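Undergrad: Structure below; questions to follow.
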Amino acid sequence: MSIKTTLNYSPNFNLKKRAKKDIKFIIFHYTGMKSEKIAIKRLTEIQSEVSSHYFIKKNGEIVTLVPDLYTAWHAGISYWKKFTNLNKNSIGIEIHNPGHQFGYKNFSKKQINSLVRLSNFLIKEYKINNKYILGHSDAAPLRKKDPGEKFPWEYLSKYKIGFWHKLNQKYLSSIRKQRVNNLDKKNTLKNIFKIGYSDFFKNKFTKEKKTALIIKAFQRRFRPKLVNGKIDKECLIIAKNLAN
């Protein structure tokens with residue numbers, strides 16, 4: 001099995017080839033740039049020192065930027081569970097979208113259809129665990145927002161791409177914004193870290209700011225209808241469900 005792509009190789013990768021067994025993650029990004037042309041230029045010019053393995057255009061065309069068995073520079077300082085600096089263990093997929101800075105849009109149907117095909121191929125090829133299919137903000141919550149709250153994680157989970165909770169949406173809507181006590185907040189954070197999120201990042205943020213950004217990353221992924229960095233009963237229930 002193979003995926004049809006066009007080639008536009010980037011120089012931004014490690015020259016040492018990695019073993020197939022080293023690939024354990026897929027990380028989704030949005031480009032966060034005004035146009036595809038600008039995004040591809042940045043991902044393929046040596047001065048930028050950034051790249052990914054694949055780029056998905058708005059029309060669904062898949063572009064190969066870096067071959068799978070080379071480490072592309074897409075995740076930066078990142079953590080998930082016991083893993084650090086995820087570049088060496090991941091395949092990065094950039095999906096064109098102007099992002100939060102330039103008028104964040106819904107991803108096109110053609111993009112998502114291509115993403116399903118590509119992801120299913122990579123999952124099978126490298127035996128990727130569903131819990132190791134991440135957004136950039138999952139692995140770098142203090143720095144990144146992509147692919148953002150409009151990324152269709154729930155839809156993708158129906159194709160066994162990434163994981164999702166098994167809770168009734170009507171029930172979750174009914175408990176949204178309901179306050180929880182301090183013990184529940186601590187248990188929610190404990191479960192968020194159990195899922196895989198990390199607070200190991202070195203930065204100048206206060207503990208409160210750091211916690212709020214991690215909660216926002218969790219919400220963008222699993223509770224996208226309200227991203228406010230505050231733990232409520234809905235977050236409590238979702239985190240508990242996912243951690244078990």
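Here, each number is a calculation from the coordinates, and none is a lab measurement. For clarity, every value in this text was computed on a predicted model and none was experimentally measured. Methodologically, a virtual Cβ is constructed for each residue, glycine included, from the backbone with ideal geometry; neighbour enumeration extends over all protein chains shown.
Undergrad: Please give the FRET efficiency for PHE193 paired with TYR155, using the beta carbon to beta carbon distance and R0 = 30 Å, rounded to the nearest 0.05. Can you show the working numbers first?
TA: Values: r = 26 Å, r/R0 = 0.88.
The calculated FRET efficiency here is 0.70.
Undergrad: I've got another one for you. Expressed in nm to one decimal, what extension gain is obtained for the pair LYS21 and LYS105 from 0.36 nm per residue of sequence separation less their Cα-Cα distance?
TA: 26.7 nm
Undergrad: Right, another one. Of the beta bridges DSSP finds with both residues in the stretch 43-122, what % are antiparallel, to the nearest 5?
TA: 60
Undergrad: Size of the dipole of the stretch 43-140 about the Cα centre, Lys and Arg at +1 and Asp and Glu at -1 on the beta carbon, nothing else charged, in debye to 20?
TA: For this selection, approximately 460 debye.
Undergrad: Where in the stretch 210-226 does the label zone of LYS131 land, with the point 7 angstrom along Cα→C-beta and an amide N cut-off under 17 Å?
TA: Output list for this probe position: 218, 222.
Undergrad: Test of the criteria: in the stretch 180-213, which chymotrypsin sites (Phe, Trp or Tyr not before Pro) are in a DSSP loop and have at most 14 other Cβ atoms within 10 angstrom of their Cβ?
TA: Numbers: sites: PHE193, TYR197, PHE200, PHE201, PHE205; in loops: TYR197, PHE200, PHE201, PHE205.
Within the stretch 180-213, the qualifying chymotrypsin sites (Phe, Trp or Tyr not before Pro) (loop, at most 14 other Cβ atoms within 10 Å) are PHE200, PHE205.
Undergrad: Additional query: Cα-Cα over 18 Å: which of LYS145/LYS186; LYS57/LYS160; LYS110/LYS150; LYS160/LYS233; LYS21/LYS88; LYS57/LYS109?
TA: Over 18 Å Cα-Cα: LYS145/LYS186; LYS57/LYS160; LYS160/LYS233.
Undergrad: Residue by residue through the stretch 200-215, which ³J(HN,Hα) values in whole Hz follow from phi under the Karplus form 6.51 cos²θ - 1.76 cosθ + 1.60 (θ = phi - 60°), with glycine and proline marked x?
TA: For the stretch 200-215, the Karplus-derived couplings read 7, 5, 8, 6, 9, 5, 5, 4, 5, 5, 4, 4, 4, 5, 5, 5 Hz, x marking Gly and Pro.
Undergrad: Rounded to the nearest 500, what is the 222 nm mean residue ellipticity of the chain from helices alone, with -39500 (n - 2.57) per DSSP H run of 4+ residues and division by all residues?
TA: About -10500 deg cm²/dmol.
Undergrad: So which GluC sites (Glu not before Pro) in the stretch 1-53 are both in a DSSP loop and have at most 16 other Cβ atoms within 10 Å of their Cβ?
TA: In loop regions of the stretch 1-53 (DSSP not H, G, I, E or B), the sparsely surrounded GluC sites (Glu not before Pro) are GLU45, GLU49.
Undergrad: Rounded to the nearest 20 Debye, what is the dipole magnitude of the stretch 142-244 about its Cα centre when Lys and Arg each give +1 and Asp and Glu each give -1 at the C-beta? Kindly include the intermediate steps, with their values, before the conclusion.
TA: Numbers: 28 positive and 8 negative charges, 41 e Å.
About 200 debye.
Undergrad: Using each residue's phi in the stretch 193-198, evaluate 6.51 cos²θ - 1.76 cosθ + 1.60 at θ = phi - 60° and report the 3J(HN,Hα) Karplus result to the nearest Hz, with x for Gly and Pro.
TA: 6, 5, 4, x, 5, 9
Undergrad: Note down the nm distance, to one decimal, between modelled labels 7 Å out along Cα→Cβ at LYS58 and at LYS204.
TA: In this crude label model, LYS58 to LYS204 measures out at 3.8 nm.
Undergrad: Would you work out which of ASN129, ALA239, VAL116 lies farthest towards the positive end of the dipole of the chain? Charges go on Cβ: Lys and Arg +1, Asp and Glu -1.
TA: The listed residue farthest towards the positive side: ALA239.
Undergrad: Can I ask one more? Report, for the chain, the % of DSSP beta bridges that are antiparallel, rounded to 5.
TA: Counting DSSP beta bridges with both partners in the chain, the antiparallel share is about 30 percent.
Undergrad: Name the residue from PRO11, HIS165, TYR79 whose Cα lies farthest towards the positive end of the charge dipole of the chain, charges +1 on Cβ of Lys and Arg and -1 on Cβ of Asp and Glu.
TA: HIS165
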